[in-house]
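The values are calculated or read from the model by the stated rules, or taken from the named source; none is laboratory data. Being a predicted model, the structure only gives us computed values, none of them experimental. Every residue, glycine as well, gets a Cβ built from its backbone with ideal geometry; the counts of neighbours run over all protein chains shown.
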Amino acid sequence: MSEPPAGPYDVITMGRLGVDLYPLRAGVPLAEVETFGRFLGGSAANVAVAAARLGRRTALVSRTGADPFGEFLHRALRGFGVDDRWVTPVEGYPTPLTFCEIFPPDDFPIYFYRRPKAPDLHLDPGDLDLDAIASAGVFWMTGTGLCEEPSRTATLAALRARGRRSRTVFDLDWRPVFWGGAGGASSDGGSTGHDAMAAARPHYAAALARATVAVGNADECEVATGEREPRAAAEALLAAGVELAVVKQGPKGVLAVHRDGTVAEVPPVEVEVLNGLGAGDAFGGALCHGLLAGWELTEVIRYANAAGALVASRLACSSAMPRPAEIEALLAGQRP
């Protein structure tokens, strides 16, 4: 895409982008997998795709390697209707690959290949169109973008450009392996898990002070605030500076608390889970859509919850993002 858009973007996301290589059979360990599907991946990219599927004008700010996988990601973004003008190549660093194992309903080990350094962590403040970021209806950034320089400085510069404009979203997006942890979430990272959280927390606090919406699960909330219990975590996120705290609880549903006292507690949507890895990104894209539409908080969370459930029932992430009719059908009681 080369021509500038007419007016501000609905959604601009910033952060992780790579290629997902997922087994085409569930219940098979990677050591025994023979065939993989290739998909666009990365949380920020998936959220942009999810919002585009719902009719929003979206763009991604990220980087790839100067290699064929990077070319694939550009084609994929454009095919999904996501503006890729701010996705640029980095010489000398390969486009990241991510593998997973699929053991439904709740075991999806994930393996990141992002060394020596992921191109999306080479985002520099000079790479940013701060006017576009400031004017977007939603700006979405992630915890991964804070884990290394120069991406950390660029992410905070983007938040400053927003000036605490409404719908500035911090996806808490905790991946301890990117912060020196051994893997897993919070204390599951073994002796390094708590060290990784301690390294991340001040940077999360700096971002929370400039965001207006925070979204995360119990582990991610613990990194950001030290709290895991949903209501305590939501209150701690509000105290840290945001206006809306969204706490995802997996099989227990979602809690959302607004600074004005509005509370939404939404139960899970029952589906047969195939791959849960893309559900949070589908939730994020639908959350952006609902916030932009000005819906009541409970309606926003119900819609986002249904979008996430649909993707959890499918193999892929980006290509599995639902369209409005699919979400509406599920909410009306139809099985996916």
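Overview of results
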| quantity | calculated |
| --- | --- |
| So THR88, is it touching a Lys or Arg at 6+ places or on another chain (Cβ under 6 Å), surrounded by fewer than 21 Cβ atoms within 10 Å (Cβ to Cβ) and polar (S, T, N, Q) | yes |
| Some residue of the range 314-331 being closer than 21 Å to PHE139 by Cα and in a helix (DSSP H, G or I) | yes |
| Residue count, the range 90-109 (criterion: within 24 Å of VAL271 (Cβ to Cβ) and not in a strand (DSSP E or B)) | 7 |
| Single residue of GLY70, GLY145 found to be part of a helix (DSSP H, G or I) and in contact with a Gly (Cβ under 7 Å, 6 or more places away or on another chain) | GLY145 |
| Where a residue in the range 68-92 is basic (Lys, Arg) and its partner, wherever it lies, is not in a helix (DSSP H, G or I), with Cβ under 8 Å and at least six apart | ARG78/MET1; ARG78/ASP84; ARG85/MET1; ARG85/SER2; ARG85/ALA59 |
| All positions within the range 26-51 that are in a helix (DSSP H, G or I) and among the hydroxyl-bearing types (Ser, Thr, Tyr) | SER43 |
| Search result, residues across the range 194-245 that are part of a helix (DSSP H, G or I), crowded, with 21+ Cβ neighbours inside 10 Å and of a type outside the set (A, V, I, L, M, F, W, C) | TYR204, GLU220, GLU222, THR225, PRO230 |
| Number of positions in the range 14-69 that are of a type in the set (Phe, Trp, Tyr) and closer than 17 Å to SER151 by Cβ | 0 |
| Residue check, THR192 among the polar types (S, T, N, Q) and at pLDDT 95 or above | no |
